Amino acid sequence: MESDCNNSIWIATGGVDLIKNGEWERLNIDTLNNFFTGDIALDPIKCGVWISNIGNSFDSTSIGLVYYENGEITKFLHGHSNVFEVKVTKKGVVYVFSWGKKGGKEWGLGKYENGVWTWYDKNNSPITSSVYGMSLDKMIICI
């Protein structure tokens, strides 16, 4: 559950519900294949909302992450639906952790900055297994 710049409350319920001006609304992301909301994080720069998918499907139509702003949905991480957590820094840098994509790519800790994804895993970082949790003050990696 998160509160945005407009004092709306966003709630991960498998889908996404929000309380806006005292009224309940449901964000229509049900049309996305195998989308089951895992986490919500707010962009402090644009006041948009990042929503992760833990739908556990690896087909090419699956979406791992969406960004919602002003009624528009932008899709990220196509063919990748095990994004368990999403965090956004004060500068708008997005971090996710994931357990993978078919073919063994894009797992571990992902960083999205200036339109570019960078992935950290056992080949380029101290991570030796899957990432199970994180915090913005410091990364907590359990192996």
Next on the checklist: For segment 31-48: of the residues being in contact with a Lys or Arg (Cβ under 8 Å, 6 or more places away or on another chain) and part of a loop (DSSP other than H, G, I, E, B), which is modelled with the lowest pLDDT?
Outcome noted: L32
Next on the checklist: I need the full set of residues from segment 1-30 which are closer than 13 Å to D43 by Cα and either hydroxyl-bearing (S, T, Y) or part of a loop (DSSP other than H, G, I, E, B) (or both), in order please.
Outcome noted: S3, D4, C5, N6
Item to check | Selected residue (criterion: farthest from I63 (Cα to Cα)) from residues of segment 101-120 that are surrounded by 16 or more Cβ atoms within 10 Å (Cβ to Cβ) and at pLDDT below 90 | outcome: Y120
Item to check | Unmet requirement for I51, which otherwise passes all of (1) modelled with pLDDT under 85; (2) surrounded by 22 or more Cβ atoms within 10 Å (Cβ to Cβ) | outcome: (1)
Checklist entry - Somewhere in segment 61-81, is a residue surrounded by 12 or more Cβ atoms within 10 Å (Cβ to Cβ), farther than 26 Å from L136 by Cα, more than 11 Å from the chain's Cα centre (by Cα) and at pLDDT below 80? => result yes
Next on the checklist: Kindly evaluate Y132 against the criterion of being surrounded by 15 or more Cβ atoms within 10 Å (Cβ to Cβ) and either in a loop (DSSP other than H, G, I, E, B) or at pLDDT 85 or above (or both).
Outcome noted: no
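The values are calculated or read from the model by the stated rules, or taken from the named source; none is laboratory data. For clarity, every value in this text was computed on a predicted model and none was experimentally measured. Note that each Cβ is placed from the backbone with ideal geometry, even for glycine, and that neighbours are counted across all protein chains shown.
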